[in-house]
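*Asks:* Next up is a structure, given as structure tokens.
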Amino acid sequence: MAQWIYRIVPTRPGMVADPTDAESAVVDEHFGYLQALKSAGILILAGRTQVEEGTWGITIFEAPDEASARAVMHTDPAVAAGVMSATLYPYAVAVARDGISE
């Protein structure tokens, strides 16, 4: 199975420091989506930088082809709602500690 990564960036610069109620709700859905990908065995890892200004996140996951990978990315509620913009790249974990898919 091929590995993929998408990088997400908030579309509104102040979102992390001062999210609207709607943005907070979408981010909660985004986290639930990532949890569902993990439960389905698709997600390898996800996270974000821990700064309010200029923050960005990554989602590393498995998908059989680019079309499937794009579907995973575009189905992410934060991307679908336009709260975050995303860019997809083919990826390969080169070295990982035990317990992380390679």
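The values are calculated or read from the model by the stated rules, or taken from the named source; none is laboratory data. Bear in mind the structure is a predicted one, so any value in this text is a computation, not a measurement. Here the Cβ positions follow ideal geometry from the backbone for every residue, glycine too, while neighbour counts run over all protein chains shown.
*Asks:* Go through (1) in contact with a helix residue (DSSP H, G or I) (Cβ under 6 Å, 6 or more places away or on another chain); (2) buried (at least 18 other Cβ atoms within 10 Å of the Cβ) for GLU29 and report which single condition fails.
*Replies:* (2)
*Asks:* Still on this model: Look at region 58-102 and say how many of its residues are touching a helix residue (DSSP H, G or I) at 6+ places or on another chain (Cβ under 8 Å) and assigned to a loop (DSSP other than H, G, I, E, B). Working first, answer last.
*Replies:* Taking region 58-102 first, the residues touching a helix residue (DSSP H, G or I) at 6+ places or on another chain (Cβ under 8 Å) are 59, 61, 63, 72-81, 83-86, 88, 90.
Then drop every residue that is not assigned to a loop (DSSP other than H, G, I, E, B), which leaves 76, 81, 83.
Adding up the residues that qualify gives 3.
*Asks:* Please pick out the residue among PRO13, PRO90 that is modelled with pLDDT under 95, surrounded by fewer than 17 Cβ atoms within 10 Å (Cβ to Cβ) and either touching a His at 6+ places or on another chain (Cβ under 8 Å) or not hydrophobic (A, V, I, L, M, F, W, C) (or both).
*Replies:* PRO13
*Asks:* Shifting gears a bit: Restricting to region 16-26, name every residue that is of a type outside the set (Val, Ile, Thr), in a loop (DSSP other than H, G, I, E, B) and either touching a residue at least 12 places away in the same chain (Cβ under 8 Å) or exposed (fewer than 14 other Cβ atoms within 10 Å of the Cβ) (or both). Can you show your working first?
*Replies:* So in region 16-26, the residues of a type outside the set (Val, Ile, Thr) come out as 17-19, 21-25.
Within this subset, residues satisfying the condition of being in a loop (DSSP other than H, G, I, E, B) are 17-19.
Selection gives ALA17, ASP18.
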